[in-house]
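Asks: What follows is a single structure, and I will ask about it in a moment.
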Amino acid sequence: MRPPPPWLRRTPLLREPMRRLYKRYAPTGPVLSTVEGLAWSLAPRDNKVDFDIWYKGRLEEAAERAFLASMLRAGDVFVDIGANIGLYTIGLLAAVPGLSVVALEPLERVRTRLKHNLALNHLADRASVRSEAVGPEGQRQLYESRNAGRSSLVPFAGSRPGEVIAVRPLADLLDLPPAALKIDVEGFEDVALMPYFDAVGEERWPRAIVIETLHRKLWARDCLQELFQRGYERVGETGENALLARHTR
């Protein structure tokens with residue numbers, strides 16, 4: 001099965017029925033695609049990120065990735081918390097020569113595709129792929145859904161128990177301070193991210209953050225307000241993410 005041509009996909013009356021039809025019958029994978037000059041091994045039926053790349057023929061969250069690329073330079077470390085199949089990791093490695101990435105993706109089958117995609121693009125030597133989730137030290141239940149990218153340490157409607165995974169604090173996972181980070185962990189952002197700022201000095205704080213806010217109502221700590229108090233400013237916002245930059249004295 002091949003994705004529909006763009007003109008058909010964008011026809012207003014057909015757009016949503018077409019998307020549902022193709023989502024239902026999408027290939028299980030692996031499907032090899034080249035999109036925006038990057039190679040991808042995809043499982044379109046398993047994961048929304050895979051499906052969007054295959055179906056739309058473009059890479060999503062372009063504004064977020066462009067913002068991060070503008071804040072990064074050679075020698076920097078970017079941390080991708082909830083790396084999925086590598087949309088940010090691979091996009092930024094390709095965009096910023098000399099960048100290194102620490103990519104954290106606890107779901108095994110998604111992490112396998114992430115590693116494959118790094119290899120396909122000859123970027124594996126610049127990325128450290130970790131299997132841990134970020135949070136208080138221990139072992140926790142991962143909850144999964146039909147969309148692999150929706151997996152979370154927070155149970156949600158329609159979820160099912162999945163793997164039991166290792167969880168470690170972010171401060172313990174990083175040897176070098178991140179110049180920028182992205183975090184998308186389906187409502188666990190406050191537990192995963194804010195203890196890092198409690199634990200380390202300002203010299204180890206990133207200068208740029210992209211944080212998913214779609215599940216902000218699940219936060220016990222308001223990440224945005226706490227980051228504003230630490231000198232970050234919201235410089236952009238999309239339907240799902242806030243773009244933050246730190247102002248230093």
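Asks: In segment 70-89, which residues are buried (at least 24 other Cβ atoms within 10 Å of the Cβ) and either modelled with pLDDT under 95 or in a strand (DSSP E or B) (or both)?
Replies: Across segment 70-89, the qualifying residues are F78, V79, D80, I81.
Asks: Continuing with the same structure: Looking at A148, A157, A119, can you tell me which residue is hydrophobic (A, V, I, L, M, F, W, C) and touching a residue at least 24 places away in the same chain (Cβ under 8 Å)? So that I can check it myself, show each step before the final result.
Replies: Working: A157 fails: touching a residue at least 24 places away in the same chain (Cβ under 8 Å); A119 fails: touching a residue at least 24 places away in the same chain (Cβ under 8 Å).
When all the criteria are applied, what remains is A148.
Asks: Please verify whether A103 is buried (at least 18 other Cβ atoms within 10 Å of the Cβ) and under 17 Å from A43 (Cα atoms), treating the condition exactly as stated. Give the steps one after another, and end with the answer.
Replies: On the way: buried (at least 18 other Cβ atoms within 10 Å of the Cβ): yes; under 17 Å from A43 (Cα atoms): no.
In short, no.
Asks: In addition: Just one of P136, P206 is part of a loop (DSSP other than H, G, I, E, B), assigned by TED's automatic domain parsing to the domain that holds A103, on the phi < 0 side of the Ramachandran plot and crowded, with 18+ Cβ neighbours inside 10 Å; which is it? Even if it seems obvious, please write down each step before you answer.
Replies: On the way: P136 fails: crowded, with 18+ Cβ neighbours inside 10 Å.
Result: P206 is the single residue among P136, P206 that is part of a loop (DSSP other than H, G, I, E, B), assigned by TED's automatic domain parsing to the domain that holds A103, on the phi < 0 side of the Ramachandran plot and crowded, with 18+ Cβ neighbours inside 10 Å.
Asks: So is A171 out of contact with any strand residue (DSSP E or B) (no Cβ under 8 Å at 6 or more places or on another chain) and either under 13 Å from I81 (Cβ atoms) or crowded, with 18+ Cβ neighbours inside 10 Å (or both) or not? Steps first, please.
Replies: Working: out of contact with any strand residue (DSSP E or B) (no Cβ under 8 Å at 6 or more places or on another chain): yes; either under 13 Å from I81 (Cβ atoms) or crowded, with 18+ Cβ neighbours inside 10 Å (or both): yes.
Spelling it out, A171 is indeed out of contact with any strand residue (DSSP E or B) (no Cβ under 8 Å at 6 or more places or on another chain) and either under 13 Å from I81 (Cβ atoms) or crowded, with 18+ Cβ neighbours inside 10 Å (or both).
Asks: Identify all residues within segment 122-145 that are of a type in the set (D, E, K, R) and either closer than 13 Å to G82 by Cα or in contact (Cβ under 8 Å) with a residue 24 or more places away in the chain (or both); write none if there are none.
Replies: R126, R130, E132, E137, R140, E144
Asks: From the list L59, L42, L38, which one is in contact (Cβ under 8 Å) with a residue 60 or more places away in the chain and more than 22 Å from S152 (Cα to Cα)? Can you show your working first?
Replies: On the way: L59 fails: in contact (Cβ under 8 Å) with a residue 60 or more places away in the chain; L42 fails: more than 22 Å from S152 (Cα to Cα).
Criteria check complete, one pass: L38.
Asks: Here's something else I'd like to know. For segment 1-40, give me the residue count where each residue is acidic (D, E) and part of a loop (DSSP other than H, G, I, E, B). Let's see the steps before the verdict.
Replies: Taking segment 1-40 first, the residues acidic (D, E) are 16, 36.
Those still in the list that are part of a loop (DSSP other than H, G, I, E, B) too: 36.
Here the count works out to 1.
The values are calculated or read from the model by the stated rules, or taken from the named source; none is laboratory data. Keep in mind that what you see is a predicted model, and the values were worked out from it rather than measured. Note: ideal-geometry Cβ built from the backbone for every residue, glycine included; neighbour counts use all protein chains shown.
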